[in-house]
């Protein structure tokens, strides 16, 4: 997502709710040992040692979502086994997302489904919620489970720029997302990443407003970058 609080802040926010919900819902699905291990979700430093966080699986996370373990007003995503909170959207972010959504709607008209801030099921321990994910098919195709890939993922970034350029990029590359765009509001440009190899993208383009870009999945559709920026 576009605007993340840092890991320590986000984890602390989540822990505010644990005493209320932990023993009401979670034991239905998780063993006592897993519940206890979950209490070390946030890394804690001591004078002598570092306690590593418990890594949640996507199955555990989805079960907690299913039973209403998390308060509905808290926005979360699962990244590499860590449950992270997401900050509220700024007006800049909301407008930029609407602009990109509107422009891509004219590109992906048939055979594709645009998901806005909805989960992608990536592997066994990640379920990010990118600002935009273009997937093949139609909404009902994903009634039973979230999509496991996308032809294009877009993140709108300002305060979360480093997070989206690093941790999110590695995650998307590792799961072979073929094309990843960052709408960089801090530097007012579009970053395009293609050809995933391991945890990196081989091709990296930095595009300004006067440049044009065509999605890999629709190479005939050329978009003026200025039309994707607020």
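The values are calculated or read from the model by the stated rules, or taken from the named source; none is laboratory data. Source: prediction; values computed, not measured. Cβ sites come from the backbone with ideal geometry, for glycine too, and all protein chains shown count toward neighbours.
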* **Any chance residue 185 is at pLDDT 95 or above and more than 20 Å from the chain's Cα centre (by Cα)** => no
* Please indicate, with yes or no, whether at least one residue in the stretch 126-138 is over 16 Å from the mean Cα position of the chain (by Cα) and free of Cβ contacts under 8 Å to residues at least 12 places away in the same chain. => no
* Structure fact -> Residues of the stretch 86-122 being within 19 Å of residue 169 (Cα to Cα), in contact with a helix residue (DSSP H, G or I) (Cβ under 7 Å, 6 or more places away or on another chain) and either surrounded by fewer than 18 Cβ atoms within 10 Å (Cβ to Cβ) or not assigned by TED's automatic domain parsing to the domain that holds residue 190 (or both), in sequence order, are 116
* Whichever residue in the stretch 208-224 is surrounded by 15 or more Cβ atoms within 10 Å (Cβ to Cβ) and either outside the structural domain of residue 107 (by TED's automatic domain parsing) or in contact with a helix residue (DSSP H, G or I) (Cβ under 7 Å, 6 or more places away or on another chain) (or both) and, among such residues, is farthest from residue 149 (Cα to Cα) -> 211
* To do: Given the conditions (1) assigned to a loop (DSSP other than H, G, I, E, B); (2) in contact with a helix residue (DSSP H, G or I) (Cβ under 8 Å, 6 or more places away or on another chain); (3) buried (at least 22 other Cβ atoms within 10 Å of the Cβ), report the number of the one that residue 180 does not fulfil.
  => (1)
* **Subset of the stretch 139-164 (residues that are free of Cβ contacts under 8 Å to residues at least 60 places away in the same chain, part of a loop (DSSP other than H, G, I, E, B) and more than 16 Å from residue 177 (Cβ to Cβ))** => 143, 144, 145
* Restricting attention to the stretch 119-129, which residues are in a strand (DSSP E or B) and out of contact with any strand residue (DSSP E or B) (no Cβ under 7 Å at 6 or more places or on another chain)? -> 122
* Asked: Going through the stretch 193-206 one residue at a time, which ones are touching a strand residue (DSSP E or B) at 6+ places or on another chain (Cβ under 8 Å) and surrounded by fewer than 20 Cβ atoms within 10 Å (Cβ to Cβ)?
  -> 194, 195, 202, 203, 204, 205, 206
